[in-house]
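Read-outs: derived from the displayed coordinates by stated rules, not from any lab. On a predicted model such as this, the values are computed, not experimentally measured, just so you know. Cβ atoms come from the backbone with ideal geometry, glycine included; neighbour counts cover every protein chain shown.
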Amino acid sequence: MKKLNFVILLALGAILLSACSGGRASIVNTWAGLAADGERAYLASGSHIYAVDVTTGKEVWRYPAETDSNIIFYANPILTPDGQLLAGSEGNTHELVSINPETGKDNWTAPFLGAKGKWVATPLIFNETIYAPNSDGFLYILDMNGEQISDPIELGGALWSSPVTDGTYIYVTALDHHLHIIDPATGKTGEPVDLGGAIPGSPVVGDGGVYVGSFSSNIEFIKPTGNHEVITTAADWIWGTPSLDNGTLYYADLSGNLYSLDVASNSQNWDAVQPDGPIVASPLVAGDTIYIVTEAGSLLSLDRDAKVVWEKTVGGKIYTNPVLSGEIVLVAPYKAEFALAAYDAAGKQAWTFTLEK
């Protein structure tokens, strides 16, 4: 495995502490969270969430309007089907808030304050219910007004990734090596599935089960029954969530390899592509293009045959998943000259957004 810089080492140290102490360890000074719709990017960075116009790169609003020392954002926000923007704080009060994406104002009369740990994972919205995993090892279940509607489910291990659903079951990964399968109709959980390594990424729903990568360096396929098998092995630990598109699973490892697996045959479509550094973020698939970002601060556009179409030096170090807004690719580098940048399909930088000092 390539030597990782101090940010990754800090995060890995937090993983180990979280796994041993129920998730009470805290990352400080880490990379940002990012989400977008067709009009705005939503950047979760430090004391604020910033709404940025995707056409101009100008700030539309920030939440909260004034800095609050109890609030620290870095989890990816999520836009809900009913028009809310949900975001969790790592700060002292562990707030989960709902923001009006048009105005930047609170939707709920009060934030949800029931969690005991930091919010790292993005909630899942399923059947008009919020399933919010927290680093304290609990999955919190709320209505769309932020009210707790049933007892939280204790899963154990720090929960750092967003749950997914196949329409029947909910799948949640944990840093203590386990995948949990939950029946939301009953609240019952199956026997935890041990995948042999910490799992900071989310599962990906496939045909008849989910695909999960972990620090075991394996991609495993897990059925709703809990039966699982290793379908392929990477050269190094897998951090980011794989991307499944048209029967092809794209995933990357911390040695900087990008893979393309045909899931029907469990065979690689091409030799692993290795750009210029470890890959923490998930691959972004948009049409016939695969976008990847690296710790070395690069953004690459590849075609389906692994040919590099273009490569741009963004700067800093990139750990946040790239996000698509229309035809624009949004990238949030860490410790760069700017906090957010937009690139068009040809690789031309459209604008950058810089946080106020």
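Computed values, structure above
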quantity	calculated
Cα-based convex hull, the chain, per residue volume (Å³, whole number)	122 Å³
Share of pairwise Cα separations in segment 60-201, more than 18 Å, in percent	53 percent
Violating pairs (Cα-Cα greater than 27 angstrom) within the set K58/K317; K118/K223; K105/K312; K58/K312; K105/K348	K118/K223; K105/K312; K105/K348
Mean projected area in nm² (Cα convex hull; one quarter of hull surface) for segment 172-251	5.0 nm²
Cα pair distances exceeding 20 angstrom across segment 108-178, given as percent	22 percent
Förster-model FRET efficiency, 25 Å R0, T109 and T80, C-beta, rounded to 0.05	0.90
Set of segment 233-273 residues, backbone N closer than 13 Å to the point 7 Å along the Cα-Cβ line of L324	243-246
Gain on full stretching of the segment that runs from E311 to K223 - 0.36 nm per residue minus C-alpha separation	27.9 nm
Stokes-Einstein diffusion coefficient of segment 220-357, Kirkwood radius over Cα pairs, 4 °C, 1.567 mPa s, in µm²/s	83 µm²/s
Net charge dipole size for segment 299-339 [Lys, Arg +1 and Asp, Glu -1 on Cβ; Debye, nearest 20]	160 debye
Within segment 86-232: Cβ-based charge dipole about Cα centre, in debye rounded to nearest 20 (Lys, Arg +1; Asp, Glu -1)	180 debye
